[in-house]
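For reference, the structure discussed in these notes is given below.
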Amino acid sequence: MCGPVTDHPDLPPPASLASLGWLDFFEEQREPNEADLVPVRIATVHRSRLTGLSETGSVELTLPVHTTTADFAVGDWVLSHPRTRMLHRRLNRRTVLERRLEGSRALQPVAANVDTLFIVTSCNADFNQARLERYLALANQGGANPVILLTKADMAADVDVYRHQAAELQRGLVVVTVNPQFPAAARTLASWCGVGQTVALVGSSGVGKSTLVNTLAGPGQAPPQETGGIREHDAKGRHTTTSRSLHAIVGGGWVIDTPGMRTLHVSDAEQGIATLFAEITELAPSCRFRDCTHAHEPGCAVQAAVADGRLNPERLIRWRKLLNENHDNTPVSAGPRGRRKVGG
C-alpha cells in the first residue's frame, strides 16, 4: 500500500468529496461493482506517477500495467482501490482544456473539470486580441466559463481602452481588472472560487499568473508557485511555472496553474470558434449561397454587415484566419466507409 505523499504538505484533509469538486455528474458514472472504490482527484501529473487528493488527504496512485500518465490531466477524477491505491479508471470529464502541440496528432489535455478559465493578460505590450481569441476558443470548446483578467492596470494611460477591447471579443464576456499582488484580488474573484469550484489560469509568461495563484492560495499556505518579473523593453516574461498542479484557494475552491503558453495552436475547436464569433455565425445562414466564404460572393449577409458598420472588418479577418488555422491543424481521419473527415 502506498502511503501519503508530500506534493501538498500544506493541505489539510478535505472535509468531503464535494469540497474537492465532486458532483452528481461523476457519481452517476460509478457502476454498481465500483461502490467500494475511492474517488481521487488528480493533483499533479509527473512523467511516471500521479498524485491525487481524496477524503483522507494526499495519496500517490499506483498505475496499472500499460497505463501512462499522458492519459490524465490535473483536475481529473479517477477511481482507485482503497487498499492498494491502484488506479481503476478515469471518469468522463465534465469539461476539458486541450491543445495540440506542433507536430502532434493527439490533443494534449491542459486541465480537466475546470469551471472557470481565467485568461490573464496585462495592460501593456502583452495585450493582443488575436491571442485572447485563441484562449477563448479553447475555453468555449472545452466547456469552461471564460473570464478575462487585466493586470498591470497601473501601467496603462487609460485602462478602459483595454477593458473595452477585451469585452468586445465575445458576447457576455466578463472582464475584470485585478492586481495579483494584493489580497483584494482574491475578494474580487471570490464568486468564481467558492467551495468545490475549480479555476484554471492561462496566459503569457510575466502577466502575473503565478503571483495570482499565490494570492488566491492566501497567507496560510506556502506559496504554490515561484514568481518572476518581465523584461521592461518588450513586456515579455520569464517562465516560472514548469508543471501543472492543483492548489487549494481562499474560499474553498481550487486553482490549476499552467505553464505560460506564448503560442497556442488552435485545433479541433470548430464549435469554440463559432461561439467566439457568434455575430458572424448567426449571419451566415442569411447569405445567398450555402457555401459562402464571406469574401466576395453576391448576397453575402456578412459582407453586408461589414459595409453598413454592424461588423468590424478586423473581426472578419481574424475569424477567417482562426478558422483556416483550425482546419489546417486538425488532422483528417477516416470516416464511415472510408470517407475522409476532419477531426474525429
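The values are calculated or read from the model by the stated rules, or taken from the named source; none is laboratory data. What you are looking at is a predicted structure, and each value in this text was computed from that prediction instead of being measured. When we count neighbours, we look across all protein chains shown, and the Cβ atoms used for this are built from the backbone with ideal geometry, even at glycine. These accessible areas exclude ligands, DNA and RNA; they are computed on the full protein's heavy atoms, side chains included. Shrake-Rupley method; radii C 1.70, N 1.55, O 1.52, S 1.80 Å.
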Q: Would you please give the FRET efficiency between residue 284 and residue 332, computed as 1/(1 + (r/R0)^6) with r the Cβ-Cβ distance and R0 = 41 Å, to the nearest 0.05?
A: 0.95
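Per residue, how big is the convex hull around the C-alpha atoms of the stretch 36-155? Give it to me in cubic angstrom, could you?
Numbers: hull volume 17.1 nm³, N = 120.
For the stretch 36-155, the hull spanned by Cα atoms encloses 143 Å³ per residue.
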Q | Per residue convex hull volume, Cα atoms of the stretch 94-160, in Å³ | A | 97
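Could you order 66, 81, 296 so the one with the most accessible surface comes first? Probe is 1.4 Å. Before the final figure, lay out each step's value.
Details: 66 175, 81 70, 296 150 Å².
Final ranking, largest accessible area leading: 66, 296, 81.
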Q) At what distance in angstrom do the alpha carbon centres of the stretch 104-164 and the stretch 15-79 lie from each other? A) 28
Q | Inter-probe distance in nm under a simple model that places probes 7 Å from Cα toward Cβ, at residue 297 and residue 65 | A | 5.6
(Q) What number results when the radius of gyration of the stretch 162-204, computed over Cα atoms, is divided by 2.2 N^0.38 Å? (A) 1.31
Q: For residue 171 and residue 184, calculate 0.36 nm times their separation in residues minus their Cα-Cα distance, and state this gained length in nm to one decimal.
A: 2.0 nm
(Q) Can you tell me the length gained on complete extension of the stretch residue 108 to residue 155, counting 0.36 nm per residue apart and subtracting the Cα distance? (A) 13.4 nm
Q) How large, in percent, is the carbon and sulfur part of the accessible surface of the stretch 17-149 at a probe radius of 1.4 Å? A) 48
